[in-house]
1. Suppose we filter the stretch 129-143 for residues that are within 19 Å of Val66 (Cα to Cα), open to solvent by 10 Å² or more (accessible area, probe 1.4 Å) and not in a loop (DSSP other than H, G, I, E, B); how many remain?
2. Which of (1) crowded, with 16+ Cβ neighbours inside 10 Å; (2) among the polar types (S, T, N, Q); (3) within 14 Å of the chain's Cα centre (by Cα); (4) assigned to a strand (DSSP E or B) is the odd one out, the single condition Ser196 does not satisfy?
3. Is there a residue being open to solvent by 10 Å² or more (accessible area, probe 1.4 Å), under 20 Å from Tyr49 (Cβ atoms) and modelled with pLDDT of 90 or more anywhere in the stretch 84-95?
4. For residues that are at pLDDT 75 or above and outside any strand (DSSP E or B), scanning just the stretch 64-83, find the one that is nearest to the chain's Cα centre (by Cα).
5. Only one of these is part of a loop (DSSP other than H, G, I, E, B), modelled with pLDDT under 90 and either surrounded by fewer than 18 Cβ atoms within 10 Å (Cβ to Cβ) or not β-branched (Val, Ile, Thr) (or both): Gln61, Gln23. Name it.
6. Could you please let me know if Trp169 is open to solvent by 60 Å² or more (accessible area, probe 1.4 Å), aromatic (Phe, Trp, Tyr) and touching a Leu at 6+ places or on another chain (Cβ under 9 Å)?
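The values are calculated or read from the model by the stated rules, or taken from the named source; none is laboratory data. Predicted, not measured: the structure shown is a model, and the values here were computed from it. Here the Cβ positions follow ideal geometry from the backbone for every residue, glycine too, while neighbour counts run over all protein chains shown. Just so you know, the surface numbers come from the protein's heavy atoms only, side chains and all, with ligands and any DNA or RNA stripped out. Shrake-Rupley method; radii C 1.70, N 1.55, O 1.52, S 1.80 Å.
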Amino acid sequence: HPDGRQLAVGQVLNKRVAIWDTQIGKIIRTLEKETGGVRTLAYSPDGRYLAVGREFSRLTQDRAHVHLYDATNGNLVKRFPASSQVSTRTSDAEALAFSQDSRYLAASGYGSRRAIVVYDILKNNELAHTPEVSKDKGTVEALAFSPDGRFLAFGRNLGTIEVWSINPWKQRANLDGQDGGAHALTFSPDGKYLVSGTNIG
């Protein structure tokens, strides 16, 4: 959590999210109602939300791959895609990222783990998504918004990094990553640099 007083831990097999109080070192809350193993977690910069990216199953009634919880009380507040929108294009959410103003949430898993989608939390709808790509492009493993919210970068496990502008939604750069793929991304605080972390061996 941005204030450092909470730590969220997700588990794949039992599909549970445990919220730890970092001051006392104990679990104070668990989130267990939604289906799908936990793949990734992210707190919003304003501390209001905890986003949980889950494994997606078309056999379940809840077709969302991202659940948004109130970070204060653990209540589920939104599903993406919305439960009223039956989606045939949803897949596992392998990566999540909030914009700095906490309005937008980016997630991998649009059509497959090779594409990403940006949700507008305020309007509770889809803002934009990238097109589906072939398997040889690799899956999206990392996402990062620039500090000013103008750009979204995402990296694939086969090495490439793409940078898109938010408004207008347009690809601005396609960067060659290092061997081992792009498994972590972050912008410098001034937005001048984009740093990637790889998995070598």
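1. Number of matching residues: 3.
2. Every listed condition holds for Ser196 apart from (3).
3. No - not one qualifying residue is present in the stretch 84-95.
4. Within the stretch 64-83, the first condition is being at pLDDT 75 or above, and the residues that meet it are 64-81.
Next cut, outside any strand (DSSP E or B) only: 64-65, 71-75, 81.
Details: Ala64: 13, His65: 10, Ala71: 16, Thr72: 20, Asn73: 21, Gly74: 18, Asn75: 19, Pro81: 13 Å.
Going through the qualifying residues, I end up with His65.
5. Gln61
6. Details: open to solvent by 60 Å² or more (accessible area, probe 1.4 Å): yes; aromatic (Phe, Trp, Tyr): yes; touching a Leu at 6+ places or on another chain (Cβ under 9 Å): yes.
Yes.
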